[in-house]
Amino acid sequence: KAVNFQLLIRDLQFGLLFGMSDRGEFENADLAVLWSDGHNSYFGDAWSDAKGQLHMDSQQDYQLLGARRAPEGLYLLFRRAFSTCDPKDYLIEDGTVHLIYGILEKPVHSLQAINISAIHRGLQRVQLLKPNITVPELPSDKKTMEITAPDVVIPSQETTYWCYMAELPDGFPKHHIVMYEPVITAGNEALVHHMEVFQCAAEFDSFPHYNGPCDSKMKPDRLNYCRHVLAAWAMGAQAFYYPEEAGLAFGGPGSSRYLRLEIHYHNPLVFKGRRDSSGIRLYYTATLRRYDAGIMELGLVYTPVMAIPPGEDAFILTGYCTDKCTQLALPAAGLRIFASQLHTHLAGRKVVTGGRGRQVVNADGHYSPHFQEIRMLKEVVAVFPGDELITTCTYNTEDRSRATVGGFGILEEMCVNYVHYYPQTQLELCKSAVDPGYLHRYFNLVNRFNDEEVCTCPQVSIPQQFFSVPWNTFNRDVLKSLYGFAPISMHCNKSSAVRFP
């Protein structure tokens with residue numbers, strides 16, 4: 001019902017601001033403020049308006065519980081209810097919370113006199129409401145294995161997907177992965193955006209050793225058959241534990257010895273010559289658990305047919321895992337989802353997966369692409385044959401001047417929920433996109449209603465066609481409704497990348 005905050009201020013000068021806002025901005029924020037005029041100190045519940053001006057809240061919901069000086073600084077303890085029914089207060093939910101703070105370096109006579117644009121300030125993203133799940137004990141016979149990049153020189157460009165092939169020892173028997181954690185080279189914490197370890201398809205006896213960019217012309221085609229996710233980590237995530245009754249199987253007969261590590265380096269300041277040996281450390285056991293766990297991708301297919309016009313404050317795209325797919329691919333007893341990782345690129349603002357009239361699998365109303373954790377669910381969600389799973393992403397492109405298309409680049413977009421579940425099934429990917437034929441009709445319509453010619457000739461790529469659309473209200477609204485009513489192209493895929501019939 002309530003959260004207690006304890007702050008340690010090492011060097012308190014004339015006060016501080018601490019609170020929450022939608023995305024970490026200091027405008028429209030909910031704040032607890034401690035300030036001093038040089039003689040007396042005051043504490044209160046305040047809020048800031050759209051211009052950043054502070055106001056005392058008529059309903060005081062931050063309760064000061066105590067302040068004490070210690071050799072290491074001043075401890076300030078206060079509490080607040082998660083939900084206060086006060087329109088000026090932030091509602092604390094179980095998704096991402098952007099915590100903000102500011103330091104007052106000069107005395108102020110009143111709350112209104114604080115100029116928030118002039119103060120030293122910061123931001124921290126957290127999940128305040130963690131589900132009350134105890135960390136399972138690791139088995140006594142656990143072993144560890146590190147799959148890391150071999151001293152890679154990070155390319156001096158904004159976005160790089162780096163691929164490195166590793167292999168398990170010859171004759172490695174079946175084991176269960178029970179936990180994994182990131183291994184990040186010191187100093188590169190801001191560059192390593194996310195990492196995944198994939199297992200290759202068992203039908204090939206060997207895979208070429210490759211160490212280089214994933215989009216290089218030198219990359220052997222066979223690496224495209226390494227798609228089965230073993231571990232996934234993204235910036236902000238902690239160690240990941242499997243529930244006691246399940247583990248992720250690898251090794252043994254019918255399982256490939258070959259693994260592909262993929263690291264996404266995000267290097268916007270274009271550093272040159274940075275070396276990196278980051279990767280993932282697996283904890284595994286030979287004592288098999290009751291169930292093999294699996295990871296399934298829900299949401300949108302990575303394709304440019306799903307696009308977001310520029311200048312949108314909340315554009316919605318939806319990906320479907322249909323009843324027909326689950327009917328075909330899931331066992332009669334269904335499956336149990338215990339964790340989920342939501343994923344978009346930089347324009348993502350909210351993500352939710354649910355079904356028609358069924359419980360939500362995971363939702364984050366303040367989602368940040370800079371804080372993508374694999375989150376344990378409060379309760380396990382059961383999914384049965386014939387159920388639907390619908391993933392909806394909300395995007396903001398107010399800072400962009402041209403359309404944002406779906407794809408792998410950081411300035412393109414994704415809408416994915418990686419769900420972790422047991423028992424493992426053949427269904428690895430259950431995603432959709434708009435039917436391309438209907439999109440072609442959209443471009444033809446835009447042509448007829450606009451003076452400027454949009455080239456819809458087949459040799460022009462879909463991104464080029466989107467970039468040439470004049471984004472007036474009509475073209476925006478028609479695209480929105482197209483995504484709402486047009487038939488979808490459904491991908492109901494096995495881990496071998498073969499579709500279910």
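Details
- Using the Karplus relation 6.51 cos²θ - 1.76 cosθ + 1.60 with θ = phi - 60°, the per-residue 3J(HN,Hα) values for the stretch 296-303 come to 10, 9, 10, x, 9, 5, 6, 8 Hz, with x marking Gly and Pro.
- Protection proxy ranking, highest mean first, for peptides 293-301, 359-367, 492-500, 208-216: 293-301, 359-367, 492-500, 208-216, where packing is the per-residue count of other beta-carbon atoms within 10 Å, averaged.
- Label reach from residue 205 (point 7 Å along Cα→C-beta): in the stretch 161-183, amide nitrogens under 20 Å belong to 166-173.
- Residue-normalised accessible area of the chain, given per residue in Å² at a 1.4 Å probe: 46 Å²
- What a 1.4 Å probe finds exposed on the chain is 51% carbon and sulfur by accessible area, rounded to a whole percent.
- Computed about its Cα centre, the charge dipole of the stretch 142-289 is approximately 120 debye, with only Lys, Arg, Asp and Glu carrying charge at their Cβ.
- Relative contact order of the chain, pairs being alpha-carbon contacts under 8 Å that are 6 or more residues apart, as %: 14 percent
- Inter-label distance for residue 5 and residue 186, nm, one decimal - labels placed 7 Å from Cα along Cα-to-Cβ: 3.2 nm
- Mean Cβ neighbour count within 10 Å, used as a protection proxy, ranking 163-170, 236-243 highest first: 236-243, 163-170
- Here's how it looks for residue 167: its modeled amide H is under 5 Å from those of 259, which are all 5 or more places away or on a different chain.
- Net charge in the neighbourhood of residue 45 (other residues with Cβ under 9 Å of its Cβ; Lys, Arg +1, Asp, Glu -1) is -3.
- Lys, Arg +1 and Asp, Glu -1 on Cβ, resulting dipole of the chain about Cα centre, debye, nearest 20: 600 debye
- Efficiency of FRET between residue 500 and residue 358 - r from beta-carbon atoms, R0 25 angstrom, step 0.05: 0.70
- Over the stretch 310-405, Cα pairs under 8 Å with separation of 6+ residues give a relative contact order of 50 percent.
- Scalar couplings 3J(HN,Hα) for the stretch 371-382, obtained by applying the Karplus form with A = 6.51, B = -1.76, C = 1.60 to θ = phi - 60°, are 8, 10, 8, 7, 10, 5, 7, 4, 9, 5, 9, 8 Hz; x denotes Gly and Pro.
- Dipole-positive endmost among 129, 383, 202 within the chain (Cβ charges, Cα centre): 202
- Chain lengthening between residue 379 and residue 215 when straightened (0.36 nm per residue, less Cα-Cα): 55.1 nm
- For the stretch 77-173: relative contact order, % (alpha-carbon pairs under 8 angstrom, 6 or more apart): 23 percent
- Per-residue [θ]222 nm for the chain (sum of -39500 (n - 2.57) over DSSP H runs n ≥ 4, rounded to 500): -2500 deg cm²/dmol
- Residues whose placed amide H lies under 5 Å from that of residue 52, excluding near-sequence neighbours: 28
- Positive-end residue, the chain charge dipole about Cα centroid, Cβ charges, pick of 38, 148, 393: 148
- Stretching residue 158 away from residue 438 to a fully extended chain increases their span by 97.4 nm, per 0.36 nm per residue minus the current alpha-carbon distance.
The values are calculated or read from the model by the stated rules, or taken from the named source; none is laboratory data. It should be emphasised that the depicted structure is a prediction, and the values quoted were computed from it without experimental measurement. All Cβ positions, glycine included, derive from the backbone under ideal geometry; neighbour counts span all protein chains shown. Surface accessibility is based on the protein's heavy atoms, side chains included, excluding ligands, DNA and RNA. Shrake-Rupley method; radii C 1.70, N 1.55, O 1.52, S 1.80 Å.
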